[in-house]
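Working notes for the structure below.
The values are calculated or read from the model by the stated rules, or taken from the named source; none is laboratory data. As the structure is a prediction and not an experimental result, all values here were calculated from the model. Heads up, the Cβs are rebuilt from the backbone with ideal geometry, glycines too, and the neighbour counts pull from every protein chain shown.
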Amino acid sequence: MQAPILRVAVPSPLPAALDYLAPPGPLPPLVPGLRVRVPLKNGERIGVLLDTAGASELASTKLKPALAILDDTPLLPAELLALGHWAAGYYHHPPGEVFATLLPAALRDGQPPLRRCEPGFRITEAGRLALQEQATGRSARRRAVLATLSVADGALALSVLRERHALDGALLRTLCERGWVERLDDPQSDAPRPAAAAVTAPALHDGQAAAVAAIDAAAGKYRCLLLDGVTGSGKTEVYLGAIAAVLARGRQALVLVPEIALTPQLVERFRARLSGRIAVLHSGLAGAERLNAWLDARDGRADVVIGTRSAVFAPLARPGLIVVDEEHDASYKQHEGFRYSARDLAVVRAHAAGVPLVLGSATPSLESLANVAAGRYTRLALTHRAAAGAAAPRMELIDVRRAPLDEGLSAPLLARMRAQLDAGAQVLLFLNRRGWAPVLYCCDCGWLAECSRCDARYTVHRATRRLICHHCGTEHRLPARCPKCGGTTLTGLGLGTERIEQALERHFPGTGIARIDRDTTRRKGSLEAQLDAVRSGAARLLIGTQMLAKGHDFPDVGLVGIVDADQGLFGADFRSAERLAQLVVQVAGRAGRAGRPGTVAIQTHHPEHPLFMRLLRGDYAAIAAELLAERRAARLPPFGHQALLRAEATDAEAPAAFLTAVATLAEPLLGDGHVQVHGPVPAPMERRAGRYRAQLLFEAGARAPLHALLDALAPMLGRLPQARLVRWSLDVDPQDLY
Ligand code: ADP
Ligand code: ZN
Ligand code: ZN
């Protein structure tokens, strides 16, 4: 019998799987999902076997033999293979890259799919207590290590702790000597299955109970439920209730969260309440940790898998429920390379696996609301805050048109802040811009510091005395003199979080301040330390970017101030109003979560803007309905469907030349005008990181003709002669048109 041809998804930009001859020697049964080592160009790659065939389109003389089959049994379950095929097709992305995304790095590198066993360290009850009571002494590292261990499921390996905390053996020895940490020689066999829940659940309110019952009633079949619950309404309790029921049925739950920073908090809460093993999967994990979590999920040792975007590809032995928390969040969309939407893939996955999916949000995406209106999703509503005494925050606008601002802060806002601090509450200020000031300006000649590689200005970072381009990362020392005229009156225009922090130090001397943005949280453990300071009350003023807006539960925040709400008001993107409304409602949701009544103060130059009028009434549903009506009239998503082809090159003409060629190719494929092509046009920021950028937009009233066009077009793109001069990428269902 003739040896079969192997169809292998090989990591490369090639638009299809590649054919190889079977390697010589004895072979395991050739089933999809095995890893295969293959030659490619002058090197070797590790791909995933998708299929076998009797014949290839390539001449047999051109076929090369694969070098080795790495697995005896498929690494990926059939369900995940199917999801990979679907995603490669839908996003028109090279299958090799898609299937590589499904594997943790260790497996992509060809390592065996075995749990790494090495001595592990586990926090003891005494350690937990010491951490809670802050009796760990003054060593920040000691605290950080204990904090890491306190949210780990069982023990953590030494290598993992090393990678996270740059540890030396002495620190761990000290922790062990004090009885806060214990050493386990084989954590795998030592770790008992966690005992039944330690903390009792609050009695669910009617809305929660109805939601849990509805999710439970959908067990064993696909159903998409939109849990539309105001901030603090107890959505997490609903997830817990639904997951407990899933675990009782012997099934696994997959929970997606938008931000790594939110996982420890959630893991801790889940761990205290669920009697099952929890695996955590996100990009911040060490290699071995990620491999172990992935294998635990796949082999069913983990009962709950919690992770960020890429965890939508977590393999599950016995899927029972998928939850997407904060489903509106833009971070579910991958913004480069394989541009998938984890939220949308969760829907596809739940459908294929025949399990219910819960999409939770206080500010559901217009897409999901439209799906509810169309009858495809079921809406479960939680309309009021759950905790005793917690009420919806009161919103007010501060008109800053004629108010003198002191570093962006108006007198009324400062007065409200002082009153809150005096009353013992915490205050959170939100500004979605890090750094000191977004512009450096010469008062003598009008010079502006502009990035030489982007159509953008440098941001001033005063603490580090740098000018940094936030688009390409280029950095310079902060100049003392204007490079144009030699003048010395250089000023920062505009506001960033760093500048606000300094203003707060001046206005509220002696009050602890936590600034939470990408600059202050870059080092491992620093975000946890800041959040700790907020929770312990050491910090009473919080200033931060959108990192602060998401999901955190800060019970003592009495006032949320939105320093500059106008940023998103007149944005170029048709989604900017939706984004602004979601952001304001989410940030506002950080106020008044426990017994304290919360206030939200929004500084704006446009207090009469209709969006603010509705936000004042706290009426996200009304805003969403209005925006949906506008989208419908303009045939924009979710009532229309888009794909964006981006191209960039160092040559200014090349992107447009490529896209024009694509538009010409597309012309005969447009299907009687069912699909429209717009462009090519320059990208809103035409030059970035030294490259010129342009884009071509495809729009259609229905998905089918759009995807028929893309199916025909995508394989031809790389073969266009103009393609050699550009980098291009296709973005299906783009979330940003830049
Ligand atoms: P969400 O996820 O909707 O923002 P959470 O589940 O975090 O809300 O709940 C907000 C707060 O209300 C938490 O402190 C939680 O402990 C509390 N809470 C939730 N459900 C109840 C309930 N049924 N009774 C009392 N408190 C509750
Ligand atoms: Zn000058
Ligand atoms: Zn730049």
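Got a sec? Which of H461, H471 is away from ligand 1 (no atom under 16 Å from the Cβ), of a type outside the set (A, V, I, L, M) and at pLDDT below 95?
Going through H461, H471 in turn, the sole match is H471.
State whether one or more residues within the range 448-467 are away from ligand 3 (no atom under 16 Å from the Cβ), within 32 Å of the chain's Cα centre (by Cα) and part of a strand (DSSP E or B). Show your work before the answer.
Initial filter on the range 448-467 (away from ligand 3 (no atom under 16 Å from the Cβ)): 462-465.
Now drop any that are not within 32 Å of the chain's Cα centre (by Cα), which leaves 462-465.
Filter once more, so that each one left must be part of a strand (DSSP E or B): none.
No, every residue in the range 448-467 fails to be away from ligand 3 (no atom under 16 Å from the Cβ), within 32 Å of the chain's Cα centre (by Cα) and part of a strand (DSSP E or B).
Hey, can you tell me all the residues within the range 686-711 that are more than 15 Å from H674 (Cα to Cα) and of a type in the set (G, A, S)?
Result: A689, G690, A694.
What about Y222, is it in contact with a strand residue (DSSP E or B) (Cβ under 6 Å, 6 or more places away or on another chain) and modelled with pLDDT of 85 or more?
no
Residue by residue through the range 661-686, note down the ones that are within 23 Å of D736 (Cβ to Cβ) and in a helix (DSSP H, G or I).
Correct list: V662, A663, A666.
How many of the residues making up the range 94-139 are outside any helix (DSSP H, G or I) and in contact with a Gly (Cβ under 8 Å, 6 or more places away or on another chain)?
Taking the range 94-139 as the starting set, the residues that turn out to be outside any helix (DSSP H, G or I) are 94, 102-104, 109-124, 133-139.
Subset that is in contact with a Gly (Cβ under 8 Å, 6 or more places away or on another chain): 102, 104, 120, 122, 124.
Final tally of qualifying residues: 5.
Would you say R481 is over 28 Å from F554 (Cα atoms), without any contact (Cβ under 8 Å) to a residue 60 or more places away in the chain, within 16 Å of ligand 3 (Cβ to nearest atom) and not polar (S, T, N, Q)? Working first, answer last.
Working: over 28 Å from F554 (Cα atoms): yes; without any contact (Cβ under 8 Å) to a residue 60 or more places away in the chain: yes; within 16 Å of ligand 3 (Cβ to nearest atom): no; not polar (S, T, N, Q): yes.
So R481 does not fit the description; no.
Consider G473 against the criteria (1) of a type outside the set (S, T, N, Q); (2) within 16 Å of ligand 3 (Cβ to nearest atom); (3) farther than 26 Å from L541 by Cβ; (4) surrounded by 13 or more Cβ atoms within 10 Å (Cβ to Cβ): it satisfies all of them except one. Which criterion is unmet?
Among (1) of a type outside the set (S, T, N, Q); (2) within 16 Å of ligand 3 (Cβ to nearest atom); (3) farther than 26 Å from L541 by Cβ; (4) surrounded by 13 or more Cβ atoms within 10 Å (Cβ to Cβ), the lone unmet condition for G473 is (4).
Condition check: over 28 Å from R691 (Cα atoms) and either assigned to a loop (DSSP other than H, G, I, E, B) or within 16 Å of ligand 2 (Cβ to nearest atom) (or both). Does C472 satisfy that? Before you say what the answer is, go through the steps one by one.
Working: over 28 Å from R691 (Cα atoms): no; either assigned to a loop (DSSP other than H, G, I, E, B) or within 16 Å of ligand 2 (Cβ to nearest atom) (or both): yes.
In short, no.
Determine if the range 578-595 includes at least one residue that is under 30 Å from L725 (Cβ atoms) and in contact with a strand residue (DSSP E or B) (Cβ under 6 Å, 6 or more places away or on another chain).
No; the residues of the range 578-595 include none that is under 30 Å from L725 (Cβ atoms) and in contact with a strand residue (DSSP E or B) (Cβ under 6 Å, 6 or more places away or on another chain).
Restricting the search to the range 143-178, which residues are within 12 Å of G120 (Cβ to Cβ) and touching a helix residue (DSSP H, G or I) at 6+ places or on another chain (Cβ under 8 Å)?
L149, D153, G154, A155, L156, A157, L158, S159, V160, L161, L172
Cβ-Cβ below 8 Å, separation at least six or inter-chain, first residue in the range 72-88 and in the same structural domain as A311 (by TED's automatic domain parsing) and modelled with pLDDT under 95, second among the small types (G, A, S) and part of a helix (DSSP H, G or I): which pairs?
none
When you look at L397, is it touching a strand residue (DSSP E or B) at 6+ places or on another chain (Cβ under 8 Å), over 30 Å from E475 (Cα atoms) and not in a strand (DSSP E or B), yes or no?
Taking the combined requirement at face value, the residue does not satisfy it.
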